[in-house]
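The values are calculated or read from the model by the stated rules, or taken from the named source; none is laboratory data. Computed from a predicted model, the values in this text were never measured in an experiment. Because the Cβ atoms are built from the backbone with ideal geometry, glycine has one as well, and the counts that use them run over all protein chains shown. Protein only, heavy atoms only, side chains kept; ligands, DNA and RNA dropped before computing areas. Shrake-Rupley method; radii C 1.70, N 1.55, O 1.52, S 1.80 Å.
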Amino acid sequence: MSDSVLCNVAVLGATGSIGQAALNVIRRHPERFRVAVLSAHRRAGELDELALEFNPDFVILSAEPPASFAPRWGGEWQAGSQKISEAAAAPGVDTVINALVGIAGLETTLEALRAGKRLALANKESLVAGGELVLEAWRAGGGELIPVDSEHSAVHQCLAGAGDATVSRLILTASGGPFRDWPLEDFEWIRPEDALAHPTWDMGAKISIDSATLANKALEVIEGHYLFGTPFERIDVVVHPSSVVHSMVEFHDGSTLAQLGYPTMEIPILYALGHPVRLLDRHTPFDPVAASPLVFENLRLDAFPMFRLGVEAGKAGGPLPVAFNAANEVVVDAFLHQRLGFTAMPKVVEHTLGHFGSDPLRGVDEVWAVDREARRIATESIGIRTGRNMPYVGG
């Protein structure tokens, strides 16, 4: 990115936690970045406030606003999820921050890459559900794909200037979530409010639950496989409760590089927006003594079966990563609404995965077909388990 050219940015998912962090970064660098597009799903009032502040070219609300909604920002409003994908390829947009939630972000990812944009990707489901399709679009468009996940941003930074052939393995870190040291027999009694209390990160409800089950880390392993072309057997995960070391890269010569920093999404967002330039920005000076000791632990695979299920789905490929992602979204929603217990979530997901093979998917339509079918199977399974109306607590 040139030092002198103002970069027009589309912030998609602007009212979510990643979108808000991105806008915080942009607020501090008005000489470098201009908000060209803002989008949200349902939070019309919040989107209106942001439009008043940033005055973009247009804003997009993918869902129907409330009948009583009367926007104060007088610019161009657009509606519908298709408009978000179109905005990602718009000529007036240089960089797309895809902070959309779920598989709905896949089409936007593809459109941005096909159009040769710089894509700052926070929507990990794009790579999980459409990995090969995303790589194909990336090659065709010739743009840039820079991850915003803190773990993959760390890997990206550690790989700077290193050839792919020199990499021995990637080591992703996981906080372990709020139940890292809970006795296994207590998992049956986990409530949504327990799972939402993440020890180191402030995130939305869906990502917080995924972190609590370690489904999120399985998604990140799949994402890392596609982002960096690393075989699954050379991607390891360790628990690092303080979330100071975001990831490590081990090289063939025995050296290991790590990226460290206090937990904040604003640093990887700033890196993605400014790359290859490291922009001067406010930050808390890193104190290695205060951050010590840096503790690492093995994953408790027996306590968090969602991790195993997700990684196995990623290795098998075809429709299984799509089915895993879809079923996981269904069980997370059911758990948050107290229709499914914490220990029942992986059982529903495993049941769903058993309905799919591993033949390659040939296009977006097939991805959506698998997504719909997996959601149907998972939803039906929850209904059977709960007797439709009875909350299901145990495993």
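Pull up the DSSP beta bridges for the chain and report the antiparallel fraction as a percent, rounded to 5. Could the numbers behind the result be given before it?
Numbers: 11 of 43 bridges.
The antiparallel proportion sits near 25 percent.
Express in nm, to one decimal, how much length is gained between A67 and H29 on full extension, taking 0.36 nm for each residue of separation and deducting their alpha carbon distance.
Working: separation 38, 0.36 × 38 = 13.68 nm, distance 3.62 nm.
Difference between extended and current length: 10.1 nm.
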Taking 7 Å along the Cα-to-C-beta vector as the label spot, tell me the S242-T256 distance in nanometres, rounded to one decimal. 1.6 nm
Please identify the DSSP H helices in the chain that span no less than 18 Å along the helix axis (Cα) and have a mean Kyte-Doolittle hydropathy of -1.0 or more. 125-141, 215-228, 320-336, 364-386
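For segment 85-183, what does the relative contact order come out to in percent, with C-alpha contacts under 8 Å and a separation of six or more?
Numbers: 133 pairs, mean separation 21.8, N = 99.
Relative contact order here is 22 percent.
Using mean Cβ contacts within 10 Å as the protection proxy, how do 59-70, 278-289, 18-29, 313-324 order, highest first?
313-324, 18-29, 59-70, 278-289
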Would you mind counting up the charge near R72? Only other residues with Cβ under 15 Å from its Cβ, with Lys and Arg at +1 and Asp and Glu at -1. -4
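How high is the relative contact order of the chain, given as a whole-number percent (alpha carbon pairs under 8 Å, six or more residues apart)? Don't skip to the end; give the middle numbers.
Details: 745 pairs, mean separation 56.2, N = 395.
Once divided by the residue count of the chain, the mean separation gives 14 percent.
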A40: net charge of surrounding residues, Cβ under 10 Å, Lys/Arg +1, Asp/Glu -1, itself excluded? 0
Paramagnetic reach from I384 in segment 289-326 [backbone N under 11 Å; point 7 Å along Cα→Cβ]: none
What's the carbon and sulfur percent of the chain's accessible surface, probe 1.4 angstrom, rounded to a whole number? 53 percent
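Would you please calculate the Kirkwood hydrodynamic radius of segment 170-259 over all C-alpha pairs and express it in Å, rounded to one decimal?
Values: mean 1/r = 0.0703 Å⁻¹.
About 14.2 Å for segment 170-259.
Where Lys and Arg each count +1 and Asp and Glu each count -1, what net charge lies around A174 among other residues with Cβ under 15 Å from its Cβ? Before the final figure, lay out the partial values.
Values: positive: K124, R180, K217, R300, R308; negative: D149, E151, D181, D210, E220, E223, D236, E297.
Surrounding charge for A174 is -3.
Stretched out fully, how many nm does the piece from V364 to Q78 gain, at 0.36 nm a residue minus the Cα gap? Spell out each step's value before the answer.
Working: separation 286, 0.36 × 286 = 102.96 nm, distance 2.40 nm.
Taking V364 through Q78 to full extension adds about 100.6 nm, to one decimal.
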Calculated from DSSP helices alone, with each H run of at least 4 adding -39500 (n - 2.57) and the total divided by the residues of the chain, [θ]222 nm to the nearest 500 comes to -12500 deg cm²/dmol
Dipole in debye (nearest 20) - segment 249-395, about Cα centre, beta carbon charges: Lys, Arg +1; Asp, Glu -1: 500 debye
Pull out a ≥ b ≥ c, the square roots of the eigenvalues of the alpha-carbon gyration tensor of segment 284-395, then state rounded if a/c is under 1.5, prolate if not and a/b is larger than b/c, and oblate in the remaining case. oblate
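Please state the charge dipole magnitude for the chain, taken about the Cα centre, from unit charges on C-beta atoms (+1 on K and R, -1 on D and E), reported in debye and rounded to the nearest 20.
Working: 32 positive and 49 negative charges, 72 e Å.
Here the size comes out at about 340 debye.
Which order, highest average first, do 223-234, 101-112 follow once you tally other Cβ atoms within 10 Å for each residue and take the mean per peptide?
Descending packing order for the listed peptides: 101-112, 223-234.
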With +1 on the Cβ of every Lys and Arg and -1 on the Cβ of every Asp and Glu, and nothing else charged, how large is the dipole of segment 159-215 about its Cα centre, in debye rounded to the nearest 20? 280 debye
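Report, as a whole number in µm² per second, the diffusion coefficient that Stokes-Einstein gives for segment 1-105 at 10 °C and 1.306 mPa s using the Kirkwood radius over alpha carbon pairs.
Values: Rh = 13.7 Å.
In µm²/s, the coefficient rounds to 116.
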Of K217/K315; K117/K315; K83/K315; K206/K347; K83/K124, which ones are farther than 24 Å apart at the Cα? K117/K315; K83/K315
With just the Cα atoms defining each centre, how far is segment 23-64 from segment 358-377? Give it in Å. 32 Å
Separation between the E188 and R376 pseudo-spin-labels, each 7 Å from Cα along Cα→Cβ, expressed in nm? 3.5 nm
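With every protein chain kept in place and ligands, DNA and RNA left out, what is the accessible area per residue of the chain? Probe 1.4 Å, answer in Å². Display every interim value, and only then the final one.
On the way: 16980 Å² over 395 residues.
Accessible area per residue, the chain: 43 Å².
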Gain upon complete extension [R139, E53; 0.36 nm per residue less C-alpha separation]: 27.3 nm
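Take the Cα atoms of the chain, build their convex hull, and give its volume per residue in Å³. All intermediate terms of the calculation are to be shown ahead of the outcome.
Details: hull volume 57.3 nm³, N = 395.
Roughly 145 Å³ of hull volume per residue.
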In whole angstrom, how far apart do the alpha carbon centroids of segment 66-132 and segment 256-312 sit? 26 Å
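Suppose we take every Cα in segment 219-334 and form the convex hull; what volume per residue is that in Å³?
Working: hull volume 20.3 nm³, N = 116.
That works out to 175 Å³ per residue.
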Taking Cα pairs under 8 Å and at least six residues apart, what relative contact order does segment 1-77 come out at, in percent? 28 percent
Taking a point 7 angstrom from the Cα of A165 along the C-beta vector, which residues in segment 236-270 have backbone N less than 15 Å away? 252-253
